[in-house]
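Each value in this text was obtained by applying a stated rule to the coordinates, not by laboratory testing. Everything quoted here is computed from the prediction, not taken from an experiment. Methodologically, a virtual Cβ is constructed for each residue, glycine included, from the backbone with ideal geometry; neighbour enumeration extends over all protein chains shown.
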Amino acid sequence: MEEEDYTPERTIILSSGFDEEIGGSRSAAYLARKLESRYGKDGISLILDEGFTGVDEEYGQSFIRFGLGEKGAVNLKLEVFTQGGHSSVPLGSHTGIGILARLLVGLEDHPDEVRLREGNPMLSYLNCAADFGEMDHSLKKRVRDEREWNKLGEELAESSPVLRSFLSTSQAIDLVNGGVKV
């Protein structure tokens, strides 16, 4: 920061954990307790949780973007119980694993709806780019027109899986356990 001749008005703390993908119970919980003991309850004014997405060159400008659209998480445990029998002769049309597979496909076939709306960081970014970047006039007009947001959001989501994740809640089937024999 000295190279830029900048002195922050407040202390900046960089804290890095290792267990975000599994709920933060090991490092994140420890870091939170340590920071609270050092600075007190509500002693930190702003926390960015893996929120820095980098510096991008878009619309003829440099933009520093913060990913402030953290949506939380839910873990879902599906269990399938069947009447049993032999796997080569299931009592129904499907084995327990076949039924579970259909449930998982059903979840993936119904992803969360894409929404570009007020308060969405993507819309804020697009408005900033419209104000300060070299954005095409027709796109700028669509960004400013609330009636265009649904269609624009869908187009952005179709253009990139990363943009889709900024416009809807993502879902991922990550872990499956099943069966007792091959």
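Could you give the length gained on full extension between L91 and E134, defined as 0.36 nm per residue of separation minus the Cα-Cα distance, in nm?
The span from L91 to E134 would gain 9.1 nm if fully extended.
Are there any GluC sites (Glu not before Pro) in the stretch 83-182 that are in a DSSP loop and have at most 13 other Cβ atoms within 10 Å? List them by number.
E113, E118, E134
May I ask you to compute the full-extension gain from E36 to N127, defined as 0.36 nm times their residue separation minus their alpha-carbon distance, rounded to one decimal in nm?
The span from E36 to N127 would gain 29.2 nm if fully extended.
If you put +1 on each Lys and Arg Cβ and -1 on each Asp and Glu Cβ, how big is the dipole of the stretch 1-47 around its Cα centre, in Debye rounded to 20?
I would put it at about 520 debye.
Mind listing the phi-derived Karplus ³J(HN,Hα) values for the stretch 76-88, rounded to whole Hz, using 6.51, -1.76 and 1.60 with θ = phi - 60°, and x for any glycine or proline?
Working through the residues one at a time gives 10, 10, 9, 10, 10, 10, 10, 6, x, x, 9, 4, 7 Hz.
Can you match mean projected area of the Cα convex hull in nm² to one of these, [x] 17.1; [y] 14.7; [z] 9.4, based on a calculation from the structure here?
[x]
What is the magnitude of the charge dipole of the chain about its Cα centre, with +1 placed on the Cβ of each Lys and Arg, -1 on the Cβ of each Asp and Glu, and no other charges, expressed in debye to the nearest 20?
That gives the chain a dipole magnitude of about 1000 debye.
Calculate, for S16 and R144, the FRET efficiency according to 1/(1 + (r/R0)^6) with r their C-beta to C-beta distance and R0 30 Å; round to the nearest 0.05.
Plugging the Cβ-Cβ distance into 1/(1 + (r/R0)^6) gives 0.20.
Rank S170, T82, Y125 by how far each Cα sits towards the positive end of the charge dipole of the chain (+1 on Lys, Arg Cβ; -1 on Asp, Glu Cβ) and give me just the farthest.
Selected residue: T82.
Determine, from the Cβ-Cβ distance of A29 and T82 and an R0 of 35 Å, the FRET efficiency 1/(1 + (r/R0)^6), rounded to the nearest 0.05.
Here the calculated transfer efficiency is 0.35.
Provide the gained length on full extension for the span I44 to E3, in nm with one decimal, where the gain is 0.36 nm per separating residue minus the Cα-Cα distance.
12.2 nm
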